[in-house]
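Novice: For reference, the structure I am asking about is given below.
Read-outs throughout are calculated quantities, based only on the coordinates presented, and are distinct from any laboratory measurement. Remember, it's a predicted structure, so these values are computed and weren't measured experimentally. When we count neighbours, we look across all protein chains shown, and the Cβ atoms used for this are built from the backbone with ideal geometry, even at glycine.
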Amino acid sequence: MMTSKRKSKAYWKENVQYLLVLLLIWFLVSYGAGILFRDVLDTIRIGGFELGFWFAQQGSMYVFVVLIFVYVRLMNGLDRKYGYDE
């Protein structure tokens, strides 16, 4: 059985890993798709709009909302794993 301090350290290490991955995804979608890769994505059209424009205007917000739900699900699982759930 893990001591309280070791359990807490493992919990936060895993939590930070989740955060870094989710923030990287958010960065790639908002900055990457909206700015860096815009020219390449603009060759694809969705509903009459260029894909790069769509990501810059709406897509990054949709992905951000999805990432919030993914984070909640991941954290609920992490809380159960380490016994911090209610």
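Novice: How far is the Cα center of the range 58-86 from the Cα center of the range 20-34, in Å?
Specialist: 16
Novice: May I pose another question? Taking the alpha-carbon distance from LYS5 and a cut-off under 16 Å, which aspartates and glutamates remain once sequence neighbours fewer than 8 residues away in the same chain are dropped?
Specialist: Hits, sequence-local ones excluded: GLU14, ASP79.
Novice: Evaluate the relative contact order of the chain (contact order divided by residue number), counting alpha-carbon pairs under 8 angstrom at least 6 apart; express in whole percent.
Specialist: Numbers: 56 pairs, mean separation 25.6, N = 86.
Dividing the mean separation by the residue count of the chain yields 30 percent.
Novice: Can you give me the distance in nm between label points at VAL70 and GLN58, each placed 7 Å from the Cα along the Cα-to-Cβ direction?
Specialist: The two pseudo-label positions are separated by 2.1 nm.
Novice: I would also like to ask the following. Return the calculated 222 nm mean residue ellipticity for the chain, to the nearest 500 deg cm²/dmol, obtained by summing -39500 (n - 2.57) across DSSP H runs with n ≥ 4 and dividing by the residue count. Each step should come with its number before you reach the end.
Specialist: Numbers: 4 runs with 55 residues, N = 86.
Rounded to the nearest 500, it is -20500 deg cm²/dmol.
Novice: How high is the FRET efficiency between PHE37 and LYS9 when r is their beta carbon distance and R₀ equals 25 Å, given to the nearest 0.05?
Specialist: My answer for the efficiency is 0.10.
Novice: While we're here: Can you tell me the length gained on complete extension of the stretch GLU86 to TYR18, counting 0.36 nm per residue apart and subtracting the Cα distance? Write down the numbers at each step before the final one.
Specialist: On the way: separation 68, 0.36 × 68 = 24.48 nm, distance 2.10 nm.
Stretched out fully, the GLU86 to TYR18 stretch lengthens by 22.4 nm.
Novice: Sort MET61, MET75 so the one with the fewest other Cβ atoms within 10 Å of its own Cβ comes first.
Specialist: MET61, MET75
Novice: Rounding to the nearest 20 debye, state how big the charge dipole of the chain is about its Cα centre with +1 on each Lys and Arg Cβ and -1 on each Asp and Glu Cβ.
Specialist: Magnitude of the dipole: close to 580 debye.
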